[in-house]
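Written out below as structure tokens is the structure these notes cover.
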Amino acid sequence: MTGHSEPAPDAPRPAVVGRGRLGRWRDQVVALGWLVVVWNLLWGDVNWANLVGGLLVGGAVLVFFPLPAVSFGGRLRPWALLVFAGRFVVELVNASLHIARIAVQPGYRPRGAIIAVRLRVPTDLNLALTAEAVSLVPGTLVLEVDRDSGTLYLHFLDSHGPGDLGVARKRTLAVERRIIRAVGSAAELRRVETDSSEKGTRP
């Protein structure tokens with residue numbers, strides 16, 4: 001006869017204290033980090049004043065305008081994040097030079113066009129990040145976001161025909177791909193990579 005008894009199979013197990021709270025804190029920290037990034041992108045300069053201002057504004061937004069509970073299931077990949085930032089700067093400079101050339105070219109009237117781009121990862125986070133990254137490039141404007149279908153409706157400046165619309169659509173999907181590579185989950189990454197290989201598009 002032993003000096004202790006085994007617990008009953010149906011006996012409740014001790015709850016893991018603090019696990020849900022830690023998950024909520026992590027989501028808040030991730031949201032605050034992205035708000036700081038967006039704040040600095042809107043100002044167009046990364047310095048200590050903008051970083052502190054972004055922290056204050058982001059903290060105020062999370063406190064007074066709490067976002068719905070959305071769990072971040074992705075994974076931060078530093079190298080892919082650097083690639084995204086580098087490509088974004090290149091596209092920003094190229095688009096700025098293109099708009100400047102249009103502005104100083106006498107007698108030239110650029111034509112605009114509206115296209116619908118359906119993203120392959122229709123999460124709220126991916127829709128927001130892709131729309132923000134695309135709209136910050138001169139010559140591109142987000143007109144509407146359809147959450148149900150995961151579609152961005154974009155206005156592009158200086159379109160000469162269907163070929164330019166196809167290029168603009170591929171460029172938008174490439175932005176989404178780089179974002180997923182930087183912060184997406186493994187399943188989301190497989191989805192965009194599989195779609196890219198099937199269509200033969202380059203990153």
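The values are calculated or read from the model by the stated rules, or taken from the named source; none is laboratory data. Because the structure is predicted, anything quoted here is derived from the model rather than measured. We place every Cβ from the backbone using ideal geometry, glycine too, and count neighbours over all the protein chains shown. Surface accessibility is based on the protein's heavy atoms, side chains included, excluding ligands, DNA and RNA. Shrake-Rupley method; radii C 1.70, N 1.55, O 1.52, S 1.80 Å.
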Inside region 27-63, can you point out the residues that are under 24 Å from Pro138 (Cα atoms), in contact with a helix residue (DSSP H, G or I) (Cβ under 7 Å, 6 or more places away or on another chain), among the hydrophobic types (A, V, I, L, M, F, W, C) and free of Cβ contacts under 8 Å to residues at least 60 places away in the same chain?
-> Leu35, Val36, Trp39, Trp43, Val46, Leu51
Could you tell me which of the residues Ala187, Ala174 is farther than 19 Å from Pro110 by Cβ, open to solvent by 20 Å² or more (accessible area, probe 1.4 Å) and among the small types (Gly, Ala, Ser)?
-> Ala187
Note on Thr194: of the conditions (1) surrounded by 12 or more Cβ atoms within 10 Å (Cβ to Cβ); (2) in a helix (DSSP H, G or I); (3) modelled with pLDDT under 90; (4) of a type in the set (Val, Ile, Thr), unmet is (1)
Residues of region 42-56 being within 22 Å of Val134 (Cβ to Cβ) and part of a loop (DSSP other than H, G, I, E, B), which ones?
-> Gly44, Asp45, Val46
Any idea which of Ala133, Ala113, Ala168 is modelled with pLDDT of 90 or more, in contact with a helix residue (DSSP H, G or I) (Cβ under 7 Å, 6 or more places away or on another chain) and more than 27 Å from Val30 (Cα to Cα)?
-> Ala113
If you go through region 95-113 one residue at a time, do you hit one that is surrounded by 14 or more Cβ atoms within 10 Å (Cβ to Cβ) and part of a strand (DSSP E or B)?
-> yes
Scan region 37-48 and give yes if some residue there is of a type in the set (Phe, Trp, Tyr), modelled with pLDDT under 80 and either open to solvent by 60 Å² or more (accessible area, probe 1.4 Å) or farther than 21 Å from Gly74 by Cβ (or both), otherwise no.
-> no
Selection from region 114-138 of residues that are β-branched (Val, Ile, Thr) and buried (at least 16 other Cβ atoms within 10 Å of the Cβ) = Ile115, Val117, Val121, Thr123, Thr130, Val134, Val137
Just one of (1) out of contact with any helix residue (DSSP H, G or I) (no Cβ under 8 Å at 6 or more places or on another chain); (2) open to solvent by 60 Å² or more (accessible area, probe 1.4 Å) trips up Arg75, so point out which.
-> (1)
If you take the residues in region 78-94 that are without any contact (Cβ under 8 Å) to a residue 40 or more places away in the chain and not aromatic (Phe, Trp, Tyr), which one is most open to solvent (accessible area, probe 1.4 Å)?
-> Leu82
Filtering region 139-165 down to residues that are crowded, with 16+ Cβ neighbours inside 10 Å and in a loop (DSSP other than H, G, I, E, B) yields Gly139, Gly150, Leu157, Asp158, Ser159
So Thr130, is it among the hydroxyl-bearing types (Ser, Thr, Tyr), in a helix (DSSP H, G or I) and farther than 21 Å from Val89 by Cα = no
